[in-house]
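Each reported figure results from applying straightforward, stated rules to the coordinates on display, with no laboratory input. Not measured: the values here are computed from a predicted model. FYI the Cβ positions are ideal-geometry reconstructions off the backbone, even for glycines, and counts take in every protein chain you see.
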Amino acid sequence: MRKFIDLHLKPPGDAVRIRAMLELAAELGFSGVATAFDNSPPKFVREMALSLGLDLVDRVDLRPRNTGDLIATLRRIRRRVEIIAVECHSKAVARQAAKDHRVDILNFPAPVSARKRVRFDRQEASLASGSNCAYEINVSDLLRLGPIAASKLVSILRVEVENAKRHDVPIVLSSGSENPLLMREPRGLAAILVLLDVEEEVGLDAVSTNPWGMVETNREKLGPGFVVPGVRVV
Amino acid sequence: MPVRRTSRRYLALRVTGHQMFTTKEVAEAVQKGVLNLYGVQGLSQIEPVFIEFYEDEQKGILRCNRSHLRDTRAVLTFITNIAGSAAAIRVERVSGTIKALKSMEKTPETEM
């Protein structure tokens, strides 16, 4: 049986709403969630997740102003968090993030106007493929838009997903929601990919195998005794 | 002459939102959602039909064509408002018969 994970929840600061989102995630059938806080999730969030039987993953969303900023931040936090996502607002940042092994996820802006400047093109996919970066789609970006804007974003996403598939870049599908009403069940999230001509199994992998694989690899790297992939001190 | 019976899938749904919705409002939202995403042709292929909807629990059963289950899920995922108010429709379980769907009340969602 598949284990599902929502790798991008953006819970608001107050404990009541965080609890509501975590409870809903557990009810919807997720085994794990990643919450995007500026630092590690507060202790009470970790305890809440544990009581609900959810595996909580540390995630940080970086919004670097330039490549220097990105490199400096990565050097500072890579050893402290399990998943690092970079929101690429410029082409230079996107290229640097795609070729940096310390970046796990590439995220692109939702507005179609911004997506015309920076997107997951073939060169980006080729770089990401060499550094094991995943390409993330936030379903809430689509849900927030009206039909016309959503259709434009779907056509951009279709090209990006094609680039990711061509270069074997793992696709990660997350809700990206700040609000429980934008959260969906895992198979519902995967079904969105039908609009991008993605097969059902690939869609399900995007909410299960791909994100879990990334989390497990990174946990191993952060564990004691890790030297390089496949080598550890016993 | 033998005619092949159309296979269907039954989806147990739960509607959440800032207010309670009537059967008519939810059914209209689903129909509009299908038309938005797939148009008239899609509506004719998916054939969404509300079998029942309990307004007090905001839960119901939707029937669709089996070969378009994934499309139906995509439509339901895409619905973000019903009758002008923010809402979400989530699929709790899927089954090939209403009887099985009702008997699975407490079990996790089946893989169909």
(message) Can you list which of the DSSP-assigned H helices in chain A have a Cα extent of 27 Å or more along the long axis and an average Kyte-Doolittle score of at least 0.5?
(response) none
(request) Set the Förster radius R0 to 30 Å, insert the Cβ-Cβ distance between residue B:31 and residue A:162 as r into 1/(1 + (r/R0)^6), and round the FRET efficiency to 0.05. (result) 0.45
(request) Counting other beta carbons within 10 Å of each Cβ, put A:88, B:64 in order, fewest first. (result) B:64, A:88
(request) Considering Cα pairs under 8 angstrom that are at least six residues apart, work out the relative contact order of chain A and quote it in whole percent. (result) 21
(request) Provide, for q = 0.21 Å⁻¹, the log10 of I(q)/I(0) from a solvent-free Debye sum over equal Cα point scatterers in region A:109-234. (result) -1.26
(request) Search the structure for amide H atoms under 5 Å from the amide H of residue A:57, placed 1.01 Å from N in the peptide plane, and list their residues when 5 or more places away or on another chain. (result) A:33, A:34, A:35
(request) Counting only C-alpha contacts under 8 Å and six or more residues apart, can you give the relative contact order of region A:74-174 as a whole percent? (result) 27
(request) Quantify how strongly other chains surround peptide A:17-30 by giving the mean number of their Cβ atoms within 10 Å of each of its Cβ atoms. (result) 1
(request) Consider all pairwise Cα distances in chain B and report the whole-number % of them above 19 Å. (result) 42
(request) Could you give the size of the charge dipole of the protein assembly as shown about its Cα centre, using +1 on the Cβ of each K and R and -1 on the Cβ of each D and E, expressed in debye and rounded to the nearest 20? (result) 580
(request) Evaluate the Kirkwood expression for the hydrodynamic radius of region A:53-103, namely the inverse of the mean inverse distance over all pairs of different C-alpha atoms, and round to one decimal in Å. (result) 11.3
(message) What Kirkwood Rh does the protein assembly as shown have if only Cα atoms enter the pairwise 1/r average? Answer in Å.
(response) 21.1
(request) Set the Förster radius R0 to 45 Å, insert the Cβ-Cβ distance between residue A:90 and residue A:226 as r into 1/(1 + (r/R0)^6), and round the FRET efficiency to 0.05. (result) 0.85
(request) Apply 1/(1 + (r/R0)^6) to the Cβ-Cβ distance of residue A:216 and residue A:72, taking R0 = 25 Å, and write down the FRET efficiency to the nearest 0.05. (result) 0.35
(message) Given contacts defined as C-alpha pairs under 8 Å and at least six residues apart, what's the relative contact order of region A:145-234, whole-number percent?
(response) 22
